[in-house]
1. State which residue is surrounded by the most Cβ atoms within 10 Å (Cβ to Cβ) when the search covers only the range 34-50 and only residues that are modelled with pLDDT under 95 and among the small types (G, A, S).
2. From (1) buried (at least 22 other Cβ atoms within 10 Å of the Cβ); (2) part of a loop (DSSP other than H, G, I, E, B), pick out the condition that doesn't hold for W138.
3. Tell me, please, whether a residue that is farther than 30 Å from A50 by Cα, assigned to a helix (DSSP H, G or I), touching a Gly at 6+ places or on another chain (Cβ under 8 Å) and of a type outside the set (A, V, I, L, M, F, W, C) can be found in the range 160-178.
4. Hey, among C148, C158, which residue is more than 16 Å from S40 (Cα to Cα) and under 23 Å from the mean Cα position of the chain (by Cα)?
5. Just the residues that are in contact with an Asp or Glu (Cβ under 9 Å, 6 or more places away or on another chain) and open to solvent by less than 30 Å² (accessible area, probe 1.4 Å), please, taken from the range 126-135.
6. Pick from M98, M107: which is in a helix (DSSP H, G or I) and open to solvent by less than 50 Å² (accessible area, probe 1.4 Å)?
7. For the range 122-135, how many residues are more than 15 Å from D61 (Cβ to Cβ) and touching a helix residue (DSSP H, G or I) at 6+ places or on another chain (Cβ under 7 Å)?
8. Condition test on Y122, is it open to solvent by 30 Å² or more (accessible area, probe 1.4 Å), over 24 Å from G199 (Cβ atoms), hydroxyl-bearing (S, T, Y) and modelled with pLDDT of 95 or more?
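The values are calculated or read from the model by the stated rules, or taken from the named source; none is laboratory data. Because the structure is a prediction, the values reported are computed rather than measured. Counting neighbours? That spans all protein chains shown, and the Cβs are built from the backbone with ideal geometry, glycine included. We work out accessible area using only protein heavy atoms, side chains counted, and drop any ligands, DNA or RNA first. Shrake-Rupley method; radii C 1.70, N 1.55, O 1.52, S 1.80 Å.
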Amino acid sequence: MKRLLLWAGVVAISLAPCAIAQNVTLTSAGNNVYDGVYVSPYYATVNGAANTPIVCDDFADNSYLNSGWNGYVQSFSSLAGSLSNTAWGPVPGVTLKMYEEAAWLTMTLLQQPVGTSGQVNYSYAVWAVMDPGGVISWLQKYGDIATCNAIFGAGNNCLSTNVTGGLLGGGQSNTYTIGEFSNVFLITPEVNGATCKAGGCPEQEFIEVVGVPEGGAAFAYLVLAGFCCFGAMFLRSRRRITTIPTA
């Protein structure tokens, strides 16, 4: 009976919103540099788990290779209850939708072949969800009209942050449920035990997508996730890395 209760507890933990501080070290920015920055995904060691792919949603801060830091890891399902521990803050009716759009774009970004325009466009689009002004200014600097139009809509031409279509238009037009991001986690840097805010973080905020097995393997995944949440878990990162910025 005790064993049954133990397993039930583990599954309950795996299904509940999880937030725990973990050590994160960005180990690789990949090889794709576009308009002066490395584009996602990057790779990190998260609480000892090496080569974890992560996607950056923070264009306001910088990240550095092989520099360890503590990250507050929380499931996206917990964001519906509180956004206070996120880098972009709790703006009622706004921030949650932005994180959902970023998660939706991230899931497609991770499916893009390395070195393609898809990888570039989706990477900049994730940044633009949270910081459209910062992205527009950066792309203006490089005269990158094509990427502006892909992100904000045809005819944008890097002239404004108005969304008329493009990848951001697709993200904004969707209706999301928090359950569709049950395998997505947010990694926010901590400073003196508290999460930092974008523009004042020692590292960037990252999104991690954990692949969930199908069929009978799903239960095993939940058990494993429960143990990971109970003791340790997985993480990821974003913008300037070493001498070349990561956006």
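1. Filtering the range 34-50 for residues that are modelled with pLDDT under 95 and among the small types (G, A, S), the one surrounded by the most Cβ atoms within 10 Å (Cβ to Cβ) comes out as A49.
2. Against the list (1) buried (at least 22 other Cβ atoms within 10 Å of the Cβ); (2) part of a loop (DSSP other than H, G, I, E, B), W138 comes up short only on (2).
3. yes
4. C148
5. V126, W127, V129, M130
6. It is M98.
7. 6
8. For Y122, the condition - open to solvent by 30 Å² or more (accessible area, probe 1.4 Å), over 24 Å from G199 (Cβ atoms), hydroxyl-bearing (S, T, Y) and modelled with pLDDT of 95 or more - is not met.
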